[in-house]
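Asks: Below you'll find the structure I mean.
The values are calculated or read from the model by the stated rules, or taken from the named source; none is laboratory data. Please read these numbers as outputs of a predicted model, since none were measured by experiment. With ideal geometry, Cβ positions are generated from the backbone for all residues, glycine too; neighbour counts draw on all protein chains shown.
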């Protein structure tokens, strides 16, 4: 059985950790409020852009365009959004598993664009090819930075270096639930006509359809990546708040158990001292 000193020292250590987890929970709560508001503002534009471009393509029928057909290369690119810091439960690992456990995304044929240090560390550990590492974007996403990333992705696609491009991020459902998602960016796929009611619709372009798609698709991809960043930031803070809340509760349970052990050990020590005093008195008497 551990000594009273050891129990007291361990209890003090856990109490110190509990203070840290409480503080981190409060910080995450404040950040979550701001991030959630930003995610909600961008979500409508994110969803509208995705549905609008998909519906346009479903109305026009077959168009010969490089952004609408798979490239010749077998290689694929994926933009993976994670966090720069840990202590967020399974937030980062869940996004990484979307890629590492996907049979369609083979490690030897994949270029990974990591946004967030945790993603870079995980994919480097698994032996993936990291094409670019962009940890600063997740701290304060700017649309201009996303545009630059989109331009590099499109250049790689147009040069035949990759044949498909994906986005892996975490969708913010609510404070306690976040859903990792894998979204195909290129080639752009039309929405299901039957499900969205575009069977009899006709789409005309001004200027020509190829020129219009050249202008629309880069904005489409930038919008999806930017929206994914906003969702990911809200998800990260929600996951960290929940993880720190669980850690604080677990620390409280451990402190209660250690306090009980300490009181029992202290009571045992007092009983032993009393027994020794009584036995000594009887021996003198």
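Asks: Answer yes or no: is there a residue in segment 60-70 that is in contact (Cβ under 8 Å) with a residue 40 or more places away in the chain, in the same structural domain as residue 221 (by TED's automatic domain parsing) and within 23 Å of residue 128 (Cα to Cα).
Replies: yes
Asks: Also, I was wondering about something else. Within segment 97-105, can one find any residue that is touching a residue at least 12 places away in the same chain (Cβ under 8 Å), surrounded by fewer than 16 Cβ atoms within 10 Å (Cβ to Cβ) and closer than 20 Å to residue 243 by Cβ?
Replies: Checked against the condition, which is being touching a residue at least 12 places away in the same chain (Cβ under 8 Å), surrounded by fewer than 16 Cβ atoms within 10 Å (Cβ to Cβ) and closer than 20 Å to residue 243 by Cβ, segment 97-105 yields at least one hit.
Asks: Going by the conditions given, is residue 155 under 24 Å from residue 188 (Cα atoms), modelled with pLDDT under 95, in the same structural domain as residue 42 (by TED's automatic domain parsing) and not in a loop (DSSP other than H, G, I, E, B)?
Replies: Against the criterion (under 24 Å from residue 188 (Cα atoms), modelled with pLDDT under 95, in the same structural domain as residue 42 (by TED's automatic domain parsing) and not in a loop (DSSP other than H, G, I, E, B)), residue 155 qualifies.
Asks: Continuing with the same structure: Over 30 Å from residue 108 (Cα atoms) and not in a loop (DSSP other than H, G, I, E, B) - does that describe any residue in segment 66-76?
Replies: no
Asks: Restricting to segment 1-39, count the residues that are within 30 Å of residue 171 (Cα to Cα) and modelled with pLDDT under 85.
Replies: 0
Asks: So residue 57 fits all but one of (1) surrounded by fewer than 18 Cβ atoms within 10 Å (Cβ to Cβ); (2) under 28 Å from residue 161 (Cβ atoms); (3) out of contact with any helix residue (DSSP H, G or I) (no Cβ under 8 Å at 6 or more places or on another chain); what number is the exception?
Replies: Of everything listed in (1) surrounded by fewer than 18 Cβ atoms within 10 Å (Cβ to Cβ); (2) under 28 Å from residue 161 (Cβ atoms); (3) out of contact with any helix residue (DSSP H, G or I) (no Cβ under 8 Å at 6 or more places or on another chain), residue 57 misses just condition (1).
Asks: Would you confirm whether or not segment 201-209 contains a residue that is at pLDDT below 85 and either part of a helix (DSSP H, G or I) or in contact with a strand residue (DSSP E or B) (Cβ under 9 Å, 6 or more places away or on another chain) (or both)? Lay out the reasoning, then the answer.
Replies: Taking segment 201-209 as the starting set, the residues that turn out to be at pLDDT below 85 are 201-209.
Retained after the next criterion (residues that are either part of a helix (DSSP H, G or I) or in contact with a strand residue (DSSP E or B) (Cβ under 9 Å, 6 or more places away or on another chain) (or both)): 209.
Yes; the residues of segment 201-209 include at least one that is at pLDDT below 85 and either part of a helix (DSSP H, G or I) or in contact with a strand residue (DSSP E or B) (Cβ under 9 Å, 6 or more places away or on another chain) (or both).
Asks: What do you reckon, is residue 227 at pLDDT 85 or above and either assigned by TED's automatic domain parsing to the domain that holds residue 172 or touching a helix residue (DSSP H, G or I) at 6+ places or on another chain (Cβ under 7 Å) (or both)?
Replies: yes
Asks: Look at residue 122 and say whether it is assigned to a helix (DSSP H, G or I), modelled with pLDDT of 95 or more and crowded, with 21+ Cβ neighbours inside 10 Å.
Replies: So residue 122 passes the test.
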